[in-house]
1. With the structure loaded, tell me whether Ala250 is aliphatic (A, V, I, L, M), buried (at least 21 other Cβ atoms within 10 Å of the Cβ) and either modelled with pLDDT of 85 or more or under 30 Å from Leu97 (Cα atoms) (or both) or whether it fails that test.
2. Tell me the residue from Asp398, Asp421, Asp379 that is crowded, with 24+ Cβ neighbours inside 10 Å, acidic (Asp, Glu) and within 20 Å of Leu97 (Cβ to Cβ), please.
3. Can you tell me which condition Pro366 does not meet? The list is (1) surrounded by 21 or more Cβ atoms within 10 Å (Cβ to Cβ); (2) within 24 Å of Leu295 (Cβ to Cβ), and all the others hold.
4. Which residue pairs have Cβ atoms closer than 6 Å, lie 6 or more positions apart in sequence or on different chains, and pair a first residue in the stretch 25-45 that is assigned to a helix (DSSP H, G or I) with a second residue that is acidic (Asp, Glu)?
5. In the stretch 147-154, is there at least one residue being surrounded by fewer than 20 Cβ atoms within 10 Å (Cβ to Cβ) and either modelled with pLDDT under 90 or over 23 Å from the mean Cα position of the chain (by Cα) (or both)?
6. Restricting the search to the stretch 317-370, which residues are of a type in the set (S, T, N, Q), assigned to a helix (DSSP H, G or I) and under 22 Å from the mean Cα position of the chain (by Cα)?
7. With respect to Ala299, is the statement that it is aliphatic (A, V, I, L, M), in a helix (DSSP H, G or I) and either touching a helix residue (DSSP H, G or I) at 6+ places or on another chain (Cβ under 6 Å) or in contact (Cβ under 8 Å) with a residue 40 or more places away in the chain (or both) true?
8. Does the stretch 315-343 hold any residues that are of a type in the set (A, V, I, L, M, F, W, C), loosely packed, with under 15 Cβ neighbours inside 10 Å and modelled with pLDDT of 90 or more, and which are they?
Amino acid sequence: HEAAATRSALLKYYYAGFDEETRLSYLAEIESEFARYYSMVVAHGQPDDYAILHQFHLTTKGLILEFSSDIRRQIDDASLPDFKAWQLLRDSISAVLVMDRNQRASQNIVLETMLSEAKALEKRWTRSANVDGRSGKIAWDLAAEEVAIDFFRCSWFGHGDSLLYGAFLTRPDDTIPDIVTFGMEHEFEDALSQGFFPLEFSDQEEAFTNLLLLPLYPYLDTFERLLISPSGILHQIPFNALRYRGHYLAESHEVVVRPDFRSSYEPGRGLDLGQGLVVADLTYGVGDRKPFFPLPGAAAELDLIQSIAPTLEVVSDAAAKRSSLMSLISVQQPTFIHFATHGFNFAFNAEPGNALSDALTRISNPLARTGLVLSNVNDYWSQPHTEGASQVLLSAYDIANLSLAQTELVFLSGCESGIGDLHTSEGVFGLPRSFLLAGARSIVYTIWQIDDHRTAQFVRTFYENVSAGKRISEAFAETQRSMMHLHPFYWAGFVLVER
């Protein structure tokens, strides 16, 4: 208990003035120290132990995401110059990251020096941040119909290297949460390894229903709105499509996915469609073939959204370049942004395929290895050079450099737009995280390769619901319900996360 209090105090008072890499390293250290404590409490703990572990969990889960978002809103006149210099340097770094070593050497560019300078600037502009810390309690009062399901993953000592999934279950009047355990990580991995394809989905559906929903039945029978914060591999699971008493969970419950339970929740938010921006109908170059094929449905998405919101800004073809797009977003501050384009994601040190993918796989920062492709990307992907390649890629690293305080919704309709590197308590380091870091409130993303035609149908119905005045989460839920006559492959791959 004393160790937990000491660590919480350090997080509260000393996290400002560090760069994100140092924060992640420190967080990994304290997580490893508490791994045995999680295991002990889950196996042998009493209610008082549950409460203390829950406080620590709330203090640390999503900590860096929330901290990094909060301090951007606190920038004052004194720290503004360093913050602007940091943004400019990160923009330059983004262009350098896709160069190979020979290109950097020929231009006398030392990437390591640029990264060190960026760290120093980040330490300076975050030093004045007012970090109040976390109280160890959910940030809002749960409504009568709500239950908070906060998943965690911990080492299961005595079982080799096995990892166990569990969750803290908090009801409206609870002062101490329940702890529910599910399955081991290898069980979820086995189910996920089958792939989300129509003929295979029924087996996965049964496996995940047995692993995840059966232990939750006592809570599902009582509460209509499920506030879920996934952990680890659970970010890849379509909760809405799991079976509950013979029907899809989303038919009887509203499922709201959140990165954590420390930021406030406003379920009544709607969306003004009058000030939106759509990136769609792009030409990918080299005959629009490999590796990025045309998306006929993207043009249909654009037409559908324009018919509902005729005043929005459209970015397509030649205008869809990294620098000009980021500048446009910064100036316009759109209320919503819709991207209808392919995504990319590379594992660190993965086997390269060409000069550009080789450069991307050598980047240690996971946000720089995932993102969205823009116009003419194939021209660079298939050629043995990377000069100018940064203009055909919009990485999550770039997006995190934006300020999207006025953006209520980002819709990422491309395949697997929600994937990325997994971090124990911080979730997925990918596109949704970068948009949340930048300040956006709600993100729609995908967790598998979706059907182009059905995506256009999903997009049309969603924006029609929004234009009818429905709040974002309500419009999303009704869109999924309207497509439940189809196989879940066509609609359950879309996920909405809200802050």
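1. Working: aliphatic (A, V, I, L, M): yes; buried (at least 21 other Cβ atoms within 10 Å of the Cβ): yes; either modelled with pLDDT of 85 or more or under 30 Å from Leu97 (Cα atoms) (or both): yes.
Considered against the rule, which asks whether it is aliphatic (A, V, I, L, M), buried (at least 21 other Cβ atoms within 10 Å of the Cβ) and either modelled with pLDDT of 85 or more or under 30 Å from Leu97 (Cα atoms) (or both), Ala250 comes out as yes.
2. Values: Asp421 fails: crowded, with 24+ Cβ neighbours inside 10 Å; Asp379 fails: crowded, with 24+ Cβ neighbours inside 10 Å.
Among Asp398, Asp421, Asp379, only Asp398 is crowded, with 24+ Cβ neighbours inside 10 Å, acidic (Asp, Glu) and within 20 Å of Leu97 (Cβ to Cβ).
3. (2)
4. Between residues of the stretch 25-45 that are assigned to a helix (DSSP H, G or I) and residues that are acidic (Asp, Glu), the close pairs are Val41/Asp49.
5. No, the conditions are met nowhere in the stretch 147-154.
6. Applying the first criterion (of a type in the set (S, T, N, Q)) to the stretch 317-370 yields 323-324, 327, 330, 332-333, 335, 341, 345, 349, 354, 357, 361, 364-365, 370.
From the residues that got through so far, the ones that are assigned to a helix (DSSP H, G or I) too are 323-324, 327, 330, 332, 357, 361.
Across the stretch 317-370, the qualifying residues are Ser330, Thr361.
7. Numbers: aliphatic (A, V, I, L, M): yes; in a helix (DSSP H, G or I): yes; either touching a helix residue (DSSP H, G or I) at 6+ places or on another chain (Cβ under 6 Å) or in contact (Cβ under 8 Å) with a residue 40 or more places away in the chain (or both): no.
Spelling it out, it is not the case that Ala299 is aliphatic (A, V, I, L, M), in a helix (DSSP H, G or I) and either touching a helix residue (DSSP H, G or I) at 6+ places or on another chain (Cβ under 6 Å) or in contact (Cβ under 8 Å) with a residue 40 or more places away in the chain (or both).
8. If the condition is that a residue be of a type in the set (A, V, I, L, M, F, W, C), loosely packed, with under 15 Cβ neighbours inside 10 Å and modelled with pLDDT of 90 or more, then Val331 is the only one that fits.
The values are calculated or read from the model by the stated rules, or taken from the named source; none is laboratory data. Keep in mind that what you see is a predicted model, and the values were worked out from it rather than measured. When we count neighbours, we look across all protein chains shown, and the Cβ atoms used for this are built from the backbone with ideal geometry, even at glycine.
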